[in-house]
Structure formats: C-alpha cells, structure tokens
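A short worksheet on the structure shown next.
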Amino acid sequence: MTAPATTVTPPTATTALLAASGLHKTYGSTAALAGADLSVRAGEVVAVMGPSGSGKSTLLHCLAGIVPPDSGTVHYRQQEMSSMSDAERSALRRRDFGFVFQFGQLVPELTCTENVALPLRLAGAKRRAAEERATHWLERLEVEDVRHHRPGQISGGQGQRVAIARALVGDPSVIFADEPTGALDSLNGERVMDLLTDSAKESRTAVVLVTHEARVAAYSDREIVVRDGSARDMAALA
C-alpha cells in the first residue's frame with residue numbers, strides 16, 4: 001500500500017470532533033489503558049497503532065461509547081459521553097457512528113443489500129428507501145453485483161466492502177475500523193483501504209483506524225502509538 005506522507009497538526013480541544021483525555025481502564029489486575037489521550041477532527045483519518053495487548057482496541061471501544069472508562073473523559077462534539085444515558089449512547093452509535101470489524105460481522109441470514117440497509121431500518125427508515133440507499137453505497141464500494149448474495153456466498157474482500165458500505169450508509173460523523181484488512185491478502189487489503197479512506201474523505205467522515213500494520217497506517221493523516229496503555233501522537237513528537 002502506498003499513500004503520500006503529510007504532516008498534520010493535532011486538533012485542539014476546541015477543534016476536535018472526538019476527544020479522549022486521561023483514560024484509564026482496568027480488567028481485573030490488567031491495566032488496558034493508563035492515561036490515554038486521543039483526538040480527531042472531522043474528516044481526519046487517525047491510525048491507532050501498537051502491538052497486541054497494548055490497549056488500542058480498548059481505546060477504540062471507549063471512544064465509541066461501547067465500554068466506559070474507569071476514569072478520564074470522552075467528549076463528542078464537546079459533550080461528555082459519560083453524562084449520557086445508555087439509551088442515549090446507543091442512539092449516538094446508531095446515528096453518528098459507523099463500525100467496520102476485522103471479519104465484517106455481516107448478518108449471515110440477510111442479503112448484502114439487507115445488511116447495508118440494516119442501520120437505516122433500525123433507525124426507522126422504510127424498506128424501499130433504505131435499500132435504495134444501500135444499493136447506492138454498494139455501487140460506490142464496487143460490489144453492487146453481489147447485492148442479492150448472502151455473506152457466505154461472497155469473498156472476504158467483497159464482504160469487507162459490504163461492511164464499509166454498511167458503516168457509511170447512515171452518513172456517520174465517525175467510523176471506527178478495527179483491523180479492517182486483518183483477514184485479507186495484500187491486494188484486497190489495499191483496495192479496501194483505498195475505498196474506505198476515499199469514501200470517508202468525500203463524506204467528511206472521520207476514521208479511527210486500529211491496526212498493527214504500517215502499510216495500513218500509511219493511509220492515515222496522523223498516527224497514534226499505544227503502548228502499555230498510554231497513547232502518543234507521532235505528529236506532536238515530530
């Protein structure tokens with residue numbers, strides 16, 4: 001994978017779309033996060049890197065409001081997420097956030113079109129309108145030809161493109177991508193990253209990308225390195 005290197009100034013507290021400060025999270029006697037900070041502005045792609053067990057996935061889950069930190073704060077559009085109820089955070093994830101996982105996590109009983117339309121249907125959209133919007137994104141991600149197939153009938157690369165279409169269909173402000181190319185070969189991984197980052201930038205959607213691969217991180221605007229539960233912004237250290 002290749003992408004032009006750019007230097008981007010880290011966002012400040014007032015310019016950040018999403019910002020975490022001083023996050024701590026412990027599971028039993030294991031400290032997954034130990035004072036981690038991270039911020040991302042609208043339309044920015046931020047790669048969160050680190051070895052296995054460093055805390056990068058826990059950081060993503062805290063940022064998305066899936067897992068509450070033991071201490072520290074996460075602000076989205078300058079509103080602290082800990083002040084929201086569980087129902088409000090769930091609504092926020094449906095409305096403003098999109099998710100791409102390593103193995104796609106598509107619903108096997110649904111067609112690809114139905115999988116992509118699912119977030120819209122859960123938000124109350126009519127079936128026809130939701131599936132028309134889903135078809136648009138399947139076309140954008142170059143998998144319109146598998147729209148009537150179920151996940152078990154398509155390749156891994158096609159499945160990840162369908163998963164990205166599902167993440168983008170609701171026009172989210174932030175996409176959380178956890179090792180989105182981890183189950184793909186290099187050629188499919190490159191195409192998935194091209195489509196993910198190009199589509200996100202066109203939509204001014206921020207991407208928080210968890211990866212341990214430098215070739216995937218090369219698609220980001222900035223890199224955050226997580227080690228022993230703390231996060232370092234490589235742009236700030238440059």
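The values are calculated or read from the model by the stated rules, or taken from the named source; none is laboratory data. Because the structure is a prediction, the values reported are computed rather than measured. A quick note on method: Cβ atoms are made from the backbone with ideal geometry, for glycine too, and the neighbour counts reach across all protein chains shown.
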Output the number of residues of the stretch 196-225 satisfying the condition of being closer than 23 Å to S52 by Cα, modelled with pLDDT of 90 or more and not in a helix (DSSP H, G or I). 13
Per the list (1) under 28 Å from A16 (Cβ atoms); (2) under 20 Å from the mean Cα position of the chain (by Cα); (3) touching a residue at least 12 places away in the same chain (Cβ under 8 Å), residue check on M84 breaks on (2)
When you go through R89, R94 one by one, which is the residue that is modelled with pLDDT under 90 and among the basic types (K, R)? R94
Taking into account only those residues within the stretch 175-190 that are out of contact with any Gly (no Cβ under 7 Å at 6 or more places or on another chain) and either assigned to a helix (DSSP H, G or I) or of a type in the set (A, V, I, L, M, F, W, C) (or both), which is nearest to D96 (Cα to Cα)? F176
Neighbours by Cβ (under 8 Å, 6+ apart or cross-chain): first from the stretch 142-155, free of Cβ contacts under 8 Å to residues at least 40 places away in the same chain and in a loop (DSSP other than H, G, I, E, B); second surrounded by 12 or more Cβ atoms within 10 Å (Cβ to Cβ) and of a type in the set (G, A, S): V143/A165; R147/A134
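With the requirement that a residue be on the phi < 0 side of the Ramachandran plot and surrounded by 19 or more Cβ atoms within 10 Å (Cβ to Cβ), what does the stretch 97-117 give you?
The answer is F97, G98, F99, V100, L106, T111, C112, T113, E114, N115, V116, A117.
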With the checklist (1) part of a loop (DSSP other than H, G, I, E, B); (2) touching a residue at least 60 places away in the same chain (Cβ under 8 Å); (3) out of contact with any helix residue (DSSP H, G or I) (no Cβ under 8 Å at 6 or more places or on another chain) in hand, flag the one item D171 doesn't pass. (2)
May I ask you to list the residues in the stretch 162-195 that are farther than 16 Å from R93 by Cβ, buried (at least 20 other Cβ atoms within 10 Å of the Cβ) and modelled with pLDDT of 90 or more? V162, I164, A165, M193
Given the criteria hydrophobic (A, V, I, L, M, F, W, C), in contact (Cβ under 8 Å) with a residue 24 or more places away in the chain and within 21 Å of A32 (Cβ to Cβ), does V74 qualify? yes
Options L122, L118: the member that is more than 28 Å from E190 (Cα to Cα) and free of Cβ contacts under 8 Å to residues at least 60 places away in the same chain: L122
